[in-house]
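Here is the structure we will look at.
We did not get these values from a lab; they are worked out from the coordinates using the rules stated. This is a predicted model, so every value here is computed, not measured. Cβ placement follows ideal geometry from the backbone for every residue including glycine, while neighbour counts extend to all protein chains displayed.
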Amino acid sequence: MSVTVPGPRRPREDALNKLKPVITKRWMSPGAWKLDVYEQLDGYKALRKALKYSEGDLISFMKESGHRGRGGAGFPVGMKWQFVPDDGQEHYLVVNADEGEPGTCKDLPLMMNDPHSLIEGIIIASYAIKASRAFVYVRGEAIHAARRLRNAVREAKEAGYLGKDILGSGFDLEVVIHSGAGAYICGEETALLDSLEGKRGQPRLRPPFPATHGLYNKPTCINNVGSIAAVPHIVLGGAQWWKDLGSENAAGTMIYSLSGRVKRPGQYECSLGTTLRELIELAGGMEEGHELKFFTPGGSSTPMLAADSIDVPLDFDNVAKAGSILGTTAVMIFSDQDCPVVSCWRWIKFYAHESCGKCTPCREGNYWMVRVYERLLSGRGQMGDLKLLESACKNLLGRSFCGLGDGATSCVTSSLKFFRQDYLDYIEGHKPAVLDAATIGAH
Amino acid sequence: MNYPEKIREQAEAILVRYPEGRERSALLPLLHLVQSHDGYVSDDGIAFCAEVLSITKAQVQAVSTFYTMYKREPAGDWLVSVCTNTLCRSKGGQKVFDALSDELDVGHDETTADGKITLEHAECLAACDYAPVVTVNYEFYDDMDEEKSLGLVRELKEGRRPVPSRGAPLCTLREISVQLAGFDEERTAGLEGNAQGDATLAGARLAAEAGITAPAFDPTAPLLAKQPEEAK
C-alpha cells in the first residue's frame, strides 16, 4: 500500500496553482508584527470598512462567505456569531489560541508573524457580536506569540483601534492576552473557559452551550485563531472572493501544516480541497528513501488514512467521506520506515497524560491502552490484545464529556483497520520488540 | 509570605485585567507570578495566591497541580524541553532526550546537581514542521539532533546563552515567568526575536518564486448586495 511520489525541485503547475497566499502573505515581511508595517500592508482597513455596517449585516455577510471554523470542527463562523443572544447582558469573545493538537503548528507562526491580523479580526468579531471584552487564551508555552500579541494590543490601543469609542464608532473593546500553563485539554472550548476562570481545565457538560452559558456563565463566542485572523481578509476581499479561493463546497484558503517525511516540511496555504499528492509535490517530494505509508489529515485526533487516500481532496466533506476528519489540516506524513503501532503507542501515552481525569472511560481507557501497547511492543502481545484495544475504544468513543476521549480512539481504530498486520507482526514475532519489558513494567 | 512590594503591585495589576467580581480568573497568571519569584510554586506562593483571591489554599493547589508549567520543585534557570511526541520522536526526538539525559545525568522533570538546568520531555510543542524540536524556557531551537542539542546544553552549562532559532534571546525561567504572568516584554531585542524560519515561510516563498498571488479584489466593494446601513 505504498505510493512513491516523485520530488521535482519545482512542483508541477497544477500543484503550484493550489497555493493561495492570503493569511500567510504578510509572514514574508519581517516587520509585519509592528503596527506601522501592518498598516502599510492593508492593516486595519477591514476594520474601518466593517464599522460602516451594522452588527447584523456583518453576521449576514460572514454567513454569506461560507467561512467555517479553522480549529478542527469546521463550524460555520457566521452562524456561531449569530448564536450569541443579543439580550443586553454582558457577553464575551474568547479566542482559542491553545494550539497543542499533535501535528498542529499553524496558529503559532501566525501569532508570531502577523499578530495584528488576529487583533483586527477580534475587533471586527467583537463588534459583530456586541462584546466589549475579548480574551485570547494563548498556550502557555507559546511565549513569543504572547509577547507579540501583547505588543500588538498595546500598539492598537495607542492608535485608537482598541479601548473606548474605536475610530469614533462608539464601540468599546478591551482585549486581554491570557497565557495558559500547560494542559492540552484547555484547547477544548469548555475546559478552556474553566481554565480562564482560574480553575482546573476540565470540560463542562453540554448543553447548555457556551453561546448562552459560557465564560462566567454569560453568552460567549469561542473561535480559533485561524477563524478570526481570516476575518479582515474576508471583509476586504468579499464573500464571493473568499468562496472562489476554495473549492466547490469549501470556502477559502487553509494553511496545511506539513510535517514528517517530506523534503520541505512547513506551512503551505492552499485552496481548501488540495490533495496530499499535491501537497507532497509542493513540499519537494518525500524524503529520500521514504515511501508514503500513512498520514493524518488534521492532527493526531483525526483517524489516520493510508497511502491510497493520496488523491482525496482535503476539505471538510471529502475527508469525512474517506473516513476521517479534516481537523486542523495538520498533515503528519509517515513513511514505510515509521511503524503505525509505535506511533499509536506514543499518541495514546499523550492522551493518557493529557486526560483531565474527569470522565472514567477516558481516564482509565487511555491508561490501560498504554499498557496494552507496551505489552505488544515489548514482544509479549497476545492475540486477544487487538480485541481488547477495540473494546477499549468502543467503551471510550462517545462516552466522555469532551472530544479528547473520542480523539484518542481515532488512531487506534484506524490503524487497526489499515495496518492490522503490523500489530500481528509483533505478536507473531515477525518484528523485534521495540520496548524493553523490564523497564516499562509490561505484564 | 515575605513577598516584596513589587510582587504585590504586580498581583494588583493582574487582578484588574478581569471583570469586577471575576478576579479568580487571575489565578493562572498569579501562579506564574509567584513562580517568577520563587522559581517554582512554593507553599508560600500558594498561600499568597489564596490570600490575594480570598480562596482556600486547597483551591489554589488543586489548580497548580493540574498544569505542567507550574513546577512543584525548585527548577533551574534553564528549562530544557524536548518534544518526544510521535512526529518528533519519529525524527529523532527521543534520541535527543536520551542524549541530554545522559549528558546532564537527570531524567524527566529533574534538575542538575548544580541547580542550573531542568530537563523535561514535552508533549507536542506546535512546531512539528521543525521536528525534532527543543525549547529552552519556551524559546524554540528547531531541527535539532543529538549533536546540536548536546552543544546547546553545554553552552548553557558554561553560562552562555545560545540564540534560539525562533523566539527572544534567552532570559531565565524566573524572568520568563513574569511575561507568562501577562507583563510586557521589556527588551526591544526580545520583541524583535526571530519568528521566521524556512518551514514557516515554505509555502509563501514557493508562491512568491513562482509569481503566484491570491486573486485581486476591490476592497471598497460593499459587503452585501444592499447598501450599508449607517452603524449607530
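Fraction of C-alpha pairs exceeding 51 angstrom in the protein assembly as shown: 6 percent, rounded to a whole number.
Going by C-beta contacts inside 10 Å, put A:347, A:241 in order with the fewest on the left.
Ranked by crowding around the Cβ, least crowded first: A:241, A:347.
Bridgeable aspartates and glutamates around residue A:199 (alpha carbons under 13 Å apart, same-chain partners fewer than 8 residues away excluded): B:23.
Residue exposure proxy: A:52, A:25, ordered by other Cβ atoms within 10 angstrom of their Cβ from fewest to most, comes out as A:52, A:25.
Note on residue A:395 and residue A:40: the extension gain reaches 122.3 nm, defined as 0.36 nm multiplied by sequence separation minus the Cα-Cα distance. Across 10 Å bins from the origin, how do the percents of Cα pairs in the range A:340-440 run, short distances first? The calculated distribution, bin by bin, is 17, 51, 27, 5.
Here the convex hull built on the C-alpha positions of the range A:146-187 has a volume of 73 cubic angstrom per residue. Loop sites by DSSP among the GluC sites (Glu not before Pro) of chain A, restricted to those with at most 14 other Cβ atoms within 10 angstrom, leave A:91-247 as the longest stretch without any of them.
How much mean residue ellipticity at 222 nm does chain A get from its helices, if each DSSP H run of length 4 or more adds -39500 (n - 2.57) and you divide by all residues, to the nearest 500 deg cm²/dmol?
On the way: 20 runs with 187 residues, N = 443.
Per the formula, -12000 deg cm²/dmol.
In the protein assembly as shown, a dipole from Cβ-located charges (positive for Lys and Arg, negative for Asp and Glu) runs towards its positive end, and of B:178, B:121, A:24 it is A:24 whose Cα lies farthest in that direction. Legend: distances between Cα atoms for A:263/B:157; A:63/A:130; A:349/A:417; A:49/A:80; A:25/A:263; A:49/A:157; pairs beyond 26 Å are A:263/B:157. Here the residues A:57, A:172, B:105, ranked from fewest to most Cβ neighbours within 10 Å of their Cβ, fall in the order B:105, A:172, A:57. The label-point distance for residue B:98 and residue A:75, in a model that sets each label 7 Å from Cα toward Cβ, rounds to 4.4 nm.
Over the range A:340-440, what is the relative contact order in percent, taking alpha-carbon pairs closer than 8 angstrom and at least six residues apart?
That works out to 36 percent.
Bridges between two residues of the protein assembly as shown, per DSSP, are antiparallel at a rate of about 50%.
Placing pseudo-labels 7 Å out from each Cα toward the beta carbon at residue B:54 and residue B:225 gives an inter-label distance of 5.7 nm.
Net charge of the neighbourhood of residue B:171, taken over other residues with C-beta under 13 Å away and scored Lys/Arg +1, Asp/Glu -1, is -1. Label-to-label distance, residue A:90 versus residue A:382, with points set 7 angstrom from Cα along the beta-carbon direction: 5.8 nm.
The residue B:145 and residue A:172 beta-carbon pair, evaluated with R₀ = 60 Å, returns a calculated FRET efficiency of approximately 0.70.
Taken about its Cα centre, the range A:247-335 carries a charge dipole of roughly 240 debye when the Cβ of each Lys and Arg holds +1 and the Cβ of each Asp and Glu holds -1.
The distance separating the Cα centre of the range A:169-219 from that of the range A:46-101 comes to 16 Å. If R0 is 45 Å, the Cβ-Cβ spacing of residue B:44 and residue A:48 corresponds to a FRET efficiency of close to 0.35. Using only side-chain charges placed at the Cβ, +1 for Lys and Arg and -1 for Asp and Glu, the dipole size of chain A relative to its Cα centre rounds to 400 debye.
In terms of its Cα atoms, the range B:78-171 spans 32, 27, 20 Å along the principal axes, sorted from long to short. Straight Cα distances below 16 angstrom link residue A:394 to the aspartates and glutamates A:364, A:385, A:406, with same-chain residues fewer than 8 positions distant left out.
Counted by Cβ distance under 14 Å from residue B:211, the other residues give a net charge of +2, where Lys and Arg count +1 and Asp and Glu count -1. In the protein assembly as shown, a dipole from Cβ-located charges (positive for Lys and Arg, negative for Asp and Glu) runs towards its positive end, and of A:177, A:94, B:136 it is A:94 whose Cα lies farthest in that direction.
How many percent of DSSP beta bridges within chain B run antiparallel, rounded to 5?
Given both bridge residues lie in chain B, the antiparallel proportion sits at roughly 60 percent.
Per residue, the Cα convex hull of the range A:247-335 amounts to 71 Å³.
Charged neighbours of residue A:351, selected by a Cβ distance under 13 Å, balance to -3 (K, R count +1; D, E count -1). Its alpha carbons considered, the range A:222-282 gives a radius of gyration followed by a Dmax of 13.0, 37 Å. The residue B:155 and residue A:436 beta-carbon pair, evaluated with R₀ = 25 Å, returns a calculated FRET efficiency of approximately 0.15.
Computed from Cα positions, the angle between helix A:403-418 and the longest principal axis of chain A comes to roughly 40 degrees. Using Cβ point charges alone (K and R +1, D and E -1), the dipole size of chain B about the Cα centre works out to roughly 440 debye.
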